[in-house]
Amino acid sequence: MLRTAFLILGVLLAALPARAQQSPTAELVAPVEVTSIPPAPASHVLDQADVILPDVEVKMSARLLAARLQGVAVYVATVSSLRVPPSQQAEALEKLAGKYCAAWNPKQVGALLLFDDEGGLMTVVTSKEAEERFTAFLLEKEFREGLAKIPGDVISRVKLERSGIIVADTLARLQSEAAKGDRTKRIGNLVMGLLAVLGIGLAILSALSGPKATAAQE
């Protein structure tokens with residue numbers, strides 16, 4: 001799966017959460033394997049870390065649901081901790097995001113944004129359907145260009161909201177452009193098919209009229 005991971009700068013609250021201030025002993029924490037994934041949220045937002053403001057969550061959900069009407073399923077989820085050493089957080093986040101995306105987007109063009117409150121990291125994982133629909137190069141390019149527009153001094157909860165909306169809008173646009181291309185291709189194939197049939201018909205008429213004209217002259 002395509003993964004676009006980047007560090008969320010800034011803080012979630014007015015001050016950095018205490019759990020994000022890793023101690024040297026954090027390296028000794030044993031990784032915890034996630035054995036179950038919660039059901040896909042109807043709102044397309046699952047804030048398990050409780051870091052998204054209610055009004056922000058409502059706004060984000062509305063945009064994600066609007067994208068769903070365009071055939072794109074984008075989800076945003078947060079976790080309070082991955083329960084792994086800091087050196088393993090990025091890898092653990094990507095693996096967990098892949099599991100969420102596979103469970104929530106099994107047969108849809110879409111993506112999942114997963115944010116880890118402890119490490120301050122977020123990753124974007126696209127669905128298998130999206131990767132079959134678009135090239136990895138195109139997806140990464142479009143996501144990076146859109147996400148790069150978010151100001152660096154914006155607090156993380158706003159970055160999370162904007163990131164979710166940007167990913168949803170980007171996929172919806174690509175899906176719309178691809179659909180237009182598909183329609184154009186179908187119309188072109190139809191026209192070519194009709195021309196081929198017309199050409200065959202004219203050839204048959206010409207072949208049939210040829211002997212008759214010769215007989216009449218004789």
Item to complete: Look at residue 170 and say whether it is part of a strand (DSSP E or B), surrounded by 12 or more Cβ atoms within 10 Å (Cβ to Cβ) and at pLDDT 90 or above.
Response: no
Worksheet item: In the stretch 67-88, which residue that is free of Cβ contacts under 8 Å to residues at least 60 places away in the same chain and surrounded by fewer than 21 Cβ atoms within 10 Å (Cβ to Cβ) is farthest from the chain's Cα centre (by Cα)?
Response: 85
Item to complete: Kindly check whether there is at least one residue in the stretch 98-108 that is more than 17 Å from residue 156 (Cβ to Cβ), buried (at least 19 other Cβ atoms within 10 Å of the Cβ) and at pLDDT below 95.
Response: yes
Worksheet item: Is the stretch 115-138 home to any residue that is among the basic types (Lys, Arg) and either surrounded by 21 or more Cβ atoms within 10 Å (Cβ to Cβ) or under 18 Å from residue 51 (Cβ atoms) (or both)?
Response: no
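Residues checked against (1) out of contact with any Lys or Arg (no Cβ under 6 Å at 6 or more places or on another chain); (2) hydrophobic (A, V, I, L, M, F, W, C); (3) at pLDDT below 90:
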| site | (1), (2), (3) |
| --- | --- |
| 15 | yes, yes, yes |
| 19 | yes, no, yes |
| 23 | yes, no, yes |
| 38 | yes, no, no |
| 50 | yes, no, no |
| 60 | yes, yes, no |
| 66 | yes, yes, no |
| 72 | yes, yes, no |
Item to complete: With respect to residue 28, determine if the residue is surrounded by fewer than 14 Cβ atoms within 10 Å (Cβ to Cβ) and at pLDDT below 95.
Response: yes
Worksheet, complete the sentence: residue 114 vs (1) under 27 Å from residue 177 (Cα atoms); (2) under 16 Å from the mean Cα position of the chain (by Cα); (3) not in a strand (DSSP E or B): all pass except (3)
Discussion item. Can you go through 84, 51, 124 and tell me which one is of a type in the set (A, V, I, L, M, F, W, C), touching a Phe, Trp or Tyr at 6+ places or on another chain (Cβ under 8 Å) and part of a loop (DSSP other than H, G, I, E, B)?
Written reply: 51
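The values are calculated or read from the model by the stated rules, or taken from the named source; none is laboratory data. Quick caveat, the model's predicted, so the values are computed rather than measured. When we count neighbours, we look across all protein chains shown, and the Cβ atoms used for this are built from the backbone with ideal geometry, even at glycine.
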